[in-house]
Amino acid sequence: MKLRPTETGQKHMVTTNSSSHNNTHKELSIQISLSGLSFCILNPSLHQIEVLKHLSFNKHETPYQLLEHVQSLFNTEESLKQAFNSIQIIHSNELSTLVPSPLFNEEHLADYLKYNSKLLKSDFITFDTIDLNDSVNVYVPYVNVNNFIYEQFGEFTFKHASTVLIESILQIEKNADAPKLYIHVASRHFEIISINSGALQFYNTFEYSTEEDFIYYLLFTLEQLKLNPETIQLVFVGDILKNDALYNIAYKYVRDISFGKHKNNFTFSHQPQTQHAEFVILNSF
């Protein structure tokens, strides 16, 4: 019987008896959202990123339209018409929440999400375990895309983007003493991650349209966490450059600003614009 991605539970893996994809060592990671998608091909034997591409959508799409974009990608992108040793899907949306492991009960997944997310009765809810933080990330994946990937390739794993983001930053900051505020920037949303002595203090995601939206949420978060804008170390990652609108408005209030970089020292067939671009997908391996 065909095993569906919606039936995989905590392991987040769909398996098949086919070995057609085992004749290569290349790994594929795809990050999907309603505003765009990225994909990345890693050759681990060379420690090299062979392909890294991003596609932005003109508007906020529906999950059905997202699937059409993914299908079109596999029909047109020559680099995806090959076998892969492993495949990972990264789901990026606001439908997630962190739960401390001691309080987590798998039978109450919807209860964790219903107070801060608009859920449908048909939504499939699953979770990632974040051992570094002793927490569980409960979220809604794009099941239609999972099903398509299963039909194309068989075995794959999937995670929520915030799981990859939090794990990566905790690994980078594991020996740090000073508090830091990371901001991961995307085209229509951003995430704030507060770290103190290597431990996660705060995580949240915010939608924005203007730099005024952005600075409002940033200053509000600093106030709520009682962090001093004059002394806090702010680290930008993701889709942001020095002296663009978000950087400049942040620098009016926060003096200590830097840019992060990926935790893996990959080489690239085509070097990305910055060391902090595509932060999530490049840290997913």
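The values are calculated or read from the model by the stated rules, or taken from the named source; none is laboratory data. Remember, predicted model here, so these are calculated numbers, not experimental data. Don't worry about glycine lacking a Cβ; one is built from the backbone with ideal geometry, like all the others, and counts go over all protein chains shown. Ligands, DNA and RNA are excluded from the accessible area calculation, which covers all protein heavy atoms including side chains. Shrake-Rupley method; radii C 1.70, N 1.55, O 1.52, S 1.80 Å.
Summary table below
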{"read-out": "Value of [θ]222 nm, deg cm²/dmol, for the chain, DSSP H segments ≥ 4, -39500 (n - 2.57) each, nearest 500", "value": "-7000 deg cm²/dmol"}
{"read-out": "Average accessible area per residue (Å²) across the chain - probe 1.4 Å, nucleic acids and ligands excluded", "value": "51"}
{"read-out": "Cα-based Rg of region 233-276 normalised by 2.2 N^0.38 Å, two decimals", "value": "1.31"}
{"read-out": "Among TYR247, SER187, SER72 - extreme Cα towards positive end, dipole of the chain, charges at beta-carbon", "value": "SER72"}
{"read-out": "From the C-alpha gyration tensor of region 24-78, square roots of 5λ in Å", "value": "25, 11, 8"}
{"read-out": "Percent RCO, i.e. relative contact order, over the chain, from Cα pairs under 8 Å lying at least 6 residues apart", "value": "18"}
{"read-out": "For the chain, alpha-carbon Rg over 2.2 N^0.38 Å", "value": "1.00"}
{"read-out": "Protection proxy ranking, peptides 266-273, 255-262, average beta carbon neighbours within 10 Å, highest first", "value": "255-262, 266-273"}
{"read-out": "Dmax and Rg, reported as Rg then Dmax, of region 153-203 (C-alpha, Å)", "value": "13.2, 44"}
{"read-out": "Calculated Rg and Dmax of region 54-128 using C-alpha coordinates, Å", "value": "16.5, 46"}
{"read-out": "Portion, in percent, of the accessible area of the chain that falls on carbon or sulfur, probe 1.4 Å", "value": "47"}
{"read-out": "DSSP beta bridge pairing in the chain, given as percent antiparallel to the nearest 5", "value": "65"}
{"read-out": "Paired Rg and Dmax values of region 111-246, which use every Cα atom, in angstrom", "value": "16.8, 52"}
{"read-out": "Residue pairs, from the table LYS159/LYS263; LYS114/LYS261; LYS226/LYS252, whose Cα atoms sit over 26 Å apart", "value": "LYS114/LYS261"}
{"read-out": "Within the chain: Cβ-based charge dipole about Cα centre, in debye rounded to nearest 20 (Lys, Arg +1; Asp, Glu -1)", "value": "260"}
